[in-house]
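The values are calculated or read from the model by the stated rules, or taken from the named source; none is laboratory data. A quick note: this is a predicted structure, and the numbers were derived from the prediction, not measured. Cβ sites come from the backbone with ideal geometry, for glycine too, and all protein chains shown count toward neighbours. Surface areas here come from the heavy atoms of the whole protein model, side chains and all, with no ligands, DNA or RNA. Shrake-Rupley method; radii C 1.70, N 1.55, O 1.52, S 1.80 Å.
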Amino acid sequence: MLLDRSHTCGELRKENDGEKVILMGWVDRQRDHGGIIFIDLRDRYGITQVVFNPSAKNVYATGKTLRGEFVIAVKGFVEKRPDDMLNDSLATGHIEVVAEEVEILNVAKTPPFEIADNVDVSEEIRLKYRYLDMRRTAMQRNLILRHRMAQITRQFFDENSFIEIETPMLMRSTPEGARDYLVPSRVHHGKFYALPQSPQTYKQLLMVAGFDRYFQIVKCFRDEDLRADRQPEFTQIDVEMSFVNQEHIFRLVEELMVRYMDEILGIKLELPIQRMTYAKAMELYGSDKPDLRFGLAMVELNDLVESCDFRVFVDCVKNGGAVKGISVPGAAKYSRKQQDDLIELAKQLGAKGLVPVKVGDNDWQSNLNKFFDEDTRKQIIDRMQASNGDLLLIVADNREMTNEVLGNLRLKIAQDEGLIKEDNFALLWVTDFPLLEFDTEEERYVARHHPFTSPSDEDLHLLESAPGDVRAKAYDLVLNGTEIAGGSIRIFKKDMQQKMFKLLNISDEEAYSKFGFLMDAFEYGAPPHGGIAFGFDRMAMLFAGRKSIRDVIAFPKTSSAISLMDGAPSPVGSKQLKELGVKLAR
RNA sequence: GGGACCGUGGUGUAGUUUGGUUAACACGUCGGCCUGUCAAGCCGAAGAUCGCGGGUUCAAGUCCCGUCGGUCCCGCCA
């Protein structure tokens, strides 16, 4: 077999004119003119045109038989193309390779879809034949971008004295957080390992061990339902540092973001990255991960409407609710149906209603018009920075609902109105998250981040009296409305950790049996520490300009957690089950 | 667990609202012609019983029920 490849299909230039070369790759296209035949030869580096002349009888005969996706080796010489036959859309478009010898390394069936970027194929088919899908340049570009991000990451953390340490994939199941993937133990019937939701406890133990700067690019597993940005197995950049506060972590992460932006996108990122408290994010954008590529912030109107004649608003304020609105520039042109659709959406989201107000020169086109005098209308318009031709959307409900509904409407409208500049990258730190969240189903507080997160010093006095109001030393990094990283300063003292478990209504007994190893470790000189974890797939998705992390994962699962290519998950034989001591419930 | 949309030659779609004989188009595939194309061109051909099962009807791609699969969303995701 002809296997001494001299060049890739992306590197020959006119300077190589006359050189003898051997190329290998896949037949991308064949253009048979009856006499002369052109073959576009493709590998991951590019495409090179190969010419078969009828005068070279044996080679020509083989050239005739070539079909799409055949794998071939071509020996020949590089020839500059005539001036009027250059192809500037190809990096190698100024040369071609004249075939002198060709070997078919392997034939190929006609693929189920064309290996071309401009051909639309359903994701179902793409996933079934993922190995063909990944031959397409769009997928190759995505995976190469992901690779470069991984290299930048390793280099960056290495330069900053971080050590990459692997942690177990088979660990003990933990009670808090996402559902675990379980692995039955063959050696210990009735016992199970869990796949890590994250290496959280291990990295804290590495801090106790004195590896004061740790990172890892690591797979994590969560047995929860999927989304465009959620897969059951995904990759994190896991980071932990000792002797640091939040500011140290921000500084480090910001430098990393500068590096990504520069080397991946060619964008100079200005530091520092903008910050916003969780409370403010909720008040202004109704989201803990606001997309700041556009405005449409919410404006509160309670004081302006509390004494008007519109009962709904008055009662809302009286009952401690919030009357808020967003102003959509130029949207007074919306039809009745468009407005009704927005109202319907607001109701689906749980709001009791939504009042649209078309802003005219001197009046409002709205049911509200009659309830407000001219002066109040003007105050409302001023506060909302609205002008003639805008559409105000006003919601009155309890504060959480108002925020949530308007936050969702804001996103929908921005999409519909094309307010989102796709090539913008808006980074934001969201800080001061609540420590706890009341779970109405379990009727107890649960950790919003995780149970190892340290409460804020200034809220410590509220731990017993008003646990729901305690803020945490927790932070998220948000890019274009997607959470790309989250972390916290951790608890590193045993008594505080015990107090935390108590707040979460986890008994001493349970806490000790599940996390005793961590609390034991805290008694042997645990340094103060904190960290962060990046959603690597999500970052790659955003940098690649994709809408789903499946586009930056080589072999992703469908939204029902199935692998269409290999058919996982699958039933297993009774022998395997017996070995594991597992019986299936009927 | 729930909601929305989707499933028609190899691929992507039209046809489904208003049931009616031969299911249309593009790309791809195959064959023929063609010595400079590069999404080659021209001519021709093959290829789908409409995801699957059941029902209504004289008649179902089209209506109804169920089911499987895909996508997005809610719940869930510390």
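Values as computed for the structure displayed
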{"item": "Phi to ³J(HN,Hα) by Karplus 6.51 cos²θ - 1.76 cosθ + 1.60 over segment A:316-322, Hz, x for Gly, Pro", "result": "4, 5, 4, 8, x, x, 10"}
{"item": "Estimated FRET transfer efficiency (A:Phe555, A:Glu11; beta-carbon r; R0 35 Å; 0.05)", "result": "0.75"}
{"item": "Carbon/sulfur fraction of accessible area - chain A, other protein chains in place, 1.4 Å, %", "result": "49"}
{"item": "Chain A: C-alpha gyration tensor shape, a/c 1.5 cut-off, then a/b vs b/c", "result": "oblate"}
{"item": "Neighbourhood charge, 14 Å Cβ-Cβ cut-off, centred on A:Tyr129 and excluding it, Lys, Arg +1 and Asp, Glu -1", "result": "0"}
{"item": "Accessible heavy-atom area order of A:Asp340, A:Asp309, highest first, probe of 1.4 Å", "result": "A:Asp309, A:Asp340"}
{"item": "For A:Arg29, distant residues with modelled amide H under 5 Å away", "result": "A:Asp40"}
{"item": "Tensor-based shape of segment A:398-469 (alpha-carbon gyration tensor, a/c under 1.5 rounded, otherwise prolate or oblate)", "result": "prolate"}
{"item": "Gain on full stretching of the segment that runs from A:Lys499 to A:Gln338 - 0.36 nm per residue minus C-alpha separation", "result": "52.8 nm"}
{"item": "Chain A - percent relative contact order, Cα under 8 Å, separation 6 or more", "result": "13"}
{"item": "Virtual spin-label span in nm between A:Glu443 and A:Arg186, 7 Å along Cα→Cβ", "result": "4.5"}
{"item": "3J(HN,Hα) from dihedral phi, segment A:421-434, Karplus parametrisation 6.51/-1.76/1.60, rounded to Hz, x for glycine, proline", "result": "7, 5, 8, 7, 10, 9, 9, 7, 8, 9, 10, 6, 5, x"}
{"item": "Heavy-atom surface of segment A:120-216, accessible at 1.4 Å and reported per residue (Å²)", "result": "54"}
{"item": "Per residue solvent-accessible surface (Å²) - segment A:446-586, probe of 1.4 Å", "result": "48"}
{"item": "Spin-label model distance (nm) - A:Glu176 vs A:Asn369, 7 Å beyond Cα toward Cβ", "result": "5.6"}
{"item": "Karplus (6.51, -1.76, 1.60) ³J(HN,Hα), θ = phi - 60°, over segment A:291-308, in Hz, Gly and Pro reported as x", "result": "8, 9, 6, 8, x, 6, 5, 7, 10, 7, 10, 3, 5, 7, 10, 5, 10, 7"}
{"item": "Extension gain (nm, one decimal) between A:Ala228 and A:Ile267, 0.36 nm per residue minus Cα-Cα", "result": "11.4 nm"}
{"item": "1.4 Å probe accessible area per residue over segment A:1-103, in Å²", "result": "51"}
{"item": "Förster-model FRET efficiency, 51 Å R0, A:Asp508 and A:Glu483, C-beta, rounded to 0.05", "result": "0.95"}
{"item": "Rounded to the nearest 20 debye, dipole of segment A:180-294 from Cβ charges on Lys, Arg, Asp, Glu", "result": "240"}
{"item": "Using alpha-carbon coordinates, inclination of helix A:399-416 to the longest axis of chain A, degrees", "result": "30"}
{"item": "For A:Gln197, residues with placed amide H under 5 Å, excluding near neighbours", "result": "A:Phe221"}
{"item": "Mean residue ellipticity (222 nm) of chain A, computed from DSSP H runs ≥ 4 via -39,500 (n - 2.57), nearest 500", "result": "-8500 deg cm²/dmol"}
{"item": "Cα shape, segment A:1-103, gyration tensor, a/c 1.5 rule", "result": "rounded"}
{"item": "By average C-beta atoms within 10 angstrom, highest first, the peptides A:232-241, A:350-359, A:102-111", "result": "A:232-241, A:350-359, A:102-111"}
{"item": "Linear extension gain, A:Lys421 paired with A:Ala279, 0.36 nm per residue minus alpha-carbon span", "result": "48.5 nm"}
{"item": "FRET efficiency, A:Lys57 to A:Lys219 (Cβ-Cβ, R0 51 Å, nearest 0.05)", "result": "0.40"}
